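Here the structure comes first, spelled out in C-alpha cells, and everything after it is commentary.
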Amino acid sequence: MSKYDIIVLGSGPGGYVTAIRASQLGFKTAIVEKESLGGVCLNWGCIPTKALLKSAQVFEYLKHAEDYGLTVKDVDKDFDAVVKRSRGVADGMSKGVQFLMKKNKIDVIEGFGKLKPGKKIEVNGKDYSADHIIIATGARSRELPSLPQDGKKVIGYREAMTLPSQPKKMIVVGSGAIGVEFAYFYKSMGTEVTIVEFLPNVVPVEDEEVSKQLERSFKKSGINIMTSSEVTKVDTSGDGVKATVKTQKGEEVLEADIILSAVGIKSNIENIGLEDVGIAVDRDKILVNNYYQTNIPGYYAIGDVTPGQALAHVASAEGILCVEKIAGHHVEALDYGNIPGCTYCSPEIASVGLTEKQAKEKGYEIKIGKFPFSASGKASAGGNKDGFVKVIFDAKYGGEWLGCHMIGAGVTDMIAEAVLGRKLETTGHEVLKAVHPHPTMSEAVMEAVADAYDEVIHL
Ligand SMILES: Cc1cc2nc3c(=O)[nH]c(=O)nc-3n(C[C@H](O)[C@H](O)[C@H](O)COP(=O)(O)OP(=O)(O)OC[C@H]3O[C@@H](n4cnc5c(N)ncnc54)[C@H](O)[C@@H]3O)c2cc1C
C-alpha cells in the first residue's frame, strides 16, 4: 500500500491548489482524479466560459466597428470554431496543471477514489493511505424535478459549452452568473434568448441597482426576460421543447430548440465512502469547522462540496488554509463576508460585501456613493458608457467600507481594490486620498467614494 502525508481527492481549483501548497510545505502528496486535471473550473466552468465570452465580445466589437470609425465587411461567426477555441483553451489549462503536478512532485492517481476508514482511499482496487485526506470532489449541475436534463433538449452547463450546432431559440432557466453568461453568449452569437427567473430580479444575489441595470442592458440587446416566473413543465416530444411558464399574469407556453437549466449546483458526495467513514453531511454539503476538518479526525473537506460560496477562488483559499493549519501554521479563518463575486457577461458585474438592502437590514446607518461610467473619460473613449460603481460606507463609526458593487466593462478586474481595502479596514477617506491613474475605469471607484463624502469632482 502506498503511503502519503496528504492525499487530495479531486483536482479542481480546490484540490490541485491544495496539493501544490501541501507539497511546498514539505508534505509527500498525491492527488486522485477521475476525469481531467483542473476540475470543473478549468475544464467546464470558469475558463471555457470566459473563452466563449471573449469570442462573443470580439464579435460584438466587430459588429459595431463603425462606432469606432472602422469599416469591417462580412462579419460572421463560425460557431464550431468558437466552441473549438474554448475547448482548446480548457485543454491547455488542464495540461498546465499536469505540468504543475510534476513540477511540485505530486503523484497523480487516475481513477475514481473512494474513502475508507483508517485514512485510506481506494482507487481502481488499490488502497492508498495518508495521515491527512482532503476531500475536494466539487459539484455538478443541479436538476429540478420539473426540469429533468436529458442532455439534448434540456441541458446543463457542460452541454451548453459544447453544442454540436447553434440553437435558433433558447430558454435559460435561472439568472445567476452561469445563466446570464450563457444568455449573453448565445444572444451575441445570434440565438433568440429568453431568461426565466423565479425571483423578482435577475442576478438576484447582487445589489438591486445592479440587477436593474443588467436587466436594462440585456433588454436593450434583445434578450427577453421573465422575472417572478417559473418553468413548471417541459414537453420534449416534438421537434423542439415547449416550456410551461407560470408568471404573475398567468401561464404561458414558450417554444424553443433547447432549454438550459442553470439553477445551481449539487455537491458530489455520492458513492465516495462518506457513510463508511462516518463523515457528517448536511443536505448535500460536508460539514467542516473553520479549518476544514470534518467530524472524523484526519479527514478534511474544501471547495464546492462544503458550505460557502461555490467559487473557484474560495475553493483554493480554503485548501491553502487547510494545509497550512495541518502544517502547524497560525492561520486566520477565512472571512466569507469579503469574498468577491464576478459575472463575465457584458456588461460585467463585480461585487463584494453587503448590498444596500443587506446593510439596511443589518441596521447600519449608511452613506452611499455612486459614479456612472457615462461620466468617465476612459469609458467614453472605449465606447463602454453603460454601468456604474456603487460604494456603501458605515456613516456612524469611522467610515467602514461595507460594500462595493460594480457593473460595466472590465469591472471584474477592478473589484480586488475593494477586497483589499476592506481586508485592511480602509476608510473612505483613505481610498479617496489614494491617487488613481487617469484615464482608467478604476478612477470610478475613487469618484464613487468621493460621491459618498460629497467631494465628487466629475459629476
Ligand atoms: C459554467 C460555470 C462557470 C463558472 N465560472 C466561474 C467563475 O468565473 N469564477 C469562479 O470563481 N467560479 C466559477 N465557477 C465555479 C467553479 O468552477 C467552482 O466553484 C470550482 O470549480 C469548485 O472547485 P472544487 O475544487 O471545489 O471542485 P471541482 O472544480 O468541481 O473539481 C472537483 C474534481 O473532483 C473530481 N472528482 C469528484 N469525485 C471524484 C472521485 N470520487 N474520485 C476522483 N475524482 C473525483 C471531479 O472529476 C473534479 O475534477 C463556474 C462554474 C460553472 C459550472
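Every number here is computed from the coordinates shown, using simple stated rules; none is lab data. The structure presented is a predicted model; accordingly, all values stated were derived computationally and were not measured. Cβ coordinates were reconstructed from backbone atoms using ideal geometry, including for glycine residues, and neighbour counts include every protein chain displayed.
For the stretch 408-459, the list of GluC sites (Glu not before Pro) that fall in a loop by DSSP and count at most 11 other C-beta atoms within 10 angstrom reads Glu425. Applied to the stretch 117-126, the Karplus parametrisation 6.51 cos²θ - 1.76 cosθ + 1.60 on θ = phi - 60° returns per-residue 3J(HN,Hα) values of x, x, 6, 10, 10, 9, 10, 6, x, 10 Hz, with x for Gly and Pro. Full extension of the chain segment joining Asp335 with Glu122 gains 73.2 nm, where the gain is 0.36 nm per residue of separation less the Cα-Cα distance. Put simply, the Cα atoms of the stretch 144-185 extend 26, 23, 18 Å along their principal axes, the longest span coming first.
Of the residues Ile178, Pro164, Ala130, the one whose Cα sits farthest towards the positive end of the charge dipole of the stretch 128-187 is Pro164 (charges of +1 on Lys and Arg Cβ, -1 on Asp and Glu Cβ, taken about the Cα centre).
Potential lengthening of the chain between Glu208 and Lys385 amounts to 61.8 nm, from the contour at 0.36 nm per residue minus the alpha-carbon distance.
Which GluC sites (Glu not before Pro) from the stretch 280-381 combine a DSSP loop assignment with at most 13 other Cβ atoms within 10 Å? Let's see the in-between values first.
Numbers: sites: Glu318, Glu324, Glu332, Glu348, Glu356, Glu361, Glu365; in loops: Glu332, Glu365.
In loop regions of the stretch 280-381 (DSSP not H, G, I, E or B), the sparsely surrounded GluC sites (Glu not before Pro) are Glu332, Glu365.
Show me the GluC sites (Glu not before Pro) within the stretch 169-270 that DSSP assigns to loop and that have at most 16 other Cβ atoms within 10 Å of their Cβ. Please list the in-between numbers first.
On the way: sites: Glu181, Glu192, Glu197, Glu206, Glu208, Glu209, Glu215, Glu230, Glu251, Glu252, Glu255, Glu270; in loops: Glu197, Glu206, Glu270.
Taking the stretch 169-270 and a limit of 16 other Cβ atoms within 10 Å, the loop GluC sites (Glu not before Pro) found are Glu270.
Rounded to whole Å, the principal axis extents of the Cα atoms in the stretch 207-357 read 57, 38, 24, largest first.
With N the number of residues in the stretch 347-452, Rg(Cα) / (2.2 N^0.38 Å) evaluates to 1.00. The separation of the stretch 148-217 from the stretch 289-360, counted between C-alpha centres, amounts to 26 Å.
Once both labels are positioned 7 Å from their Cα atoms along Cα-to-Cβ, the gap between Ser165 and Asn290 label points is 5.8 nm.
Based on the alpha-carbon set only, what is the convex hull volume of the chain divided per residue, in Å³? Walk me through the numbers on the way to the answer.
Working: hull volume 77.7 nm³, N = 459.
Residue-normalised Cα hull volume stands at 169 Å³.
Length gained on full extension, Glu66 to Glu270: 68.1 nm, using 0.36 nm per residue less the C-alpha separation.
Suppose every K and R has +1 on its Cβ and every D and E has -1 on its Cβ; what is the size of the dipole of the stretch 347-452 about the Cα centre, in Debye to the nearest 20? Walk me through the intermediate numbers first.
Numbers: 12 positive and 14 negative charges, 29 e Å.
About 140 debye.
For the stretch 16-64, the normalised intensity computed at q = 0.16, 0.19, 0.25, 0.29 Å⁻¹ comes to -0.62, -0.71, -0.90, -0.99 (log10 of I(q)/I(0), Debye sum over alpha carbons, equal scatterers, no solvent). The share of C-alpha pairs in the stretch 154-263 whose separation exceeds 24 Å stands at 17 percent. Could you pull out every whole DSSP H run in the chain that spans at least 30 Å of Cα extent along its own axis and averages -1.0 or higher on the Kyte-Doolittle scale? Flagged H segments are 79-103.
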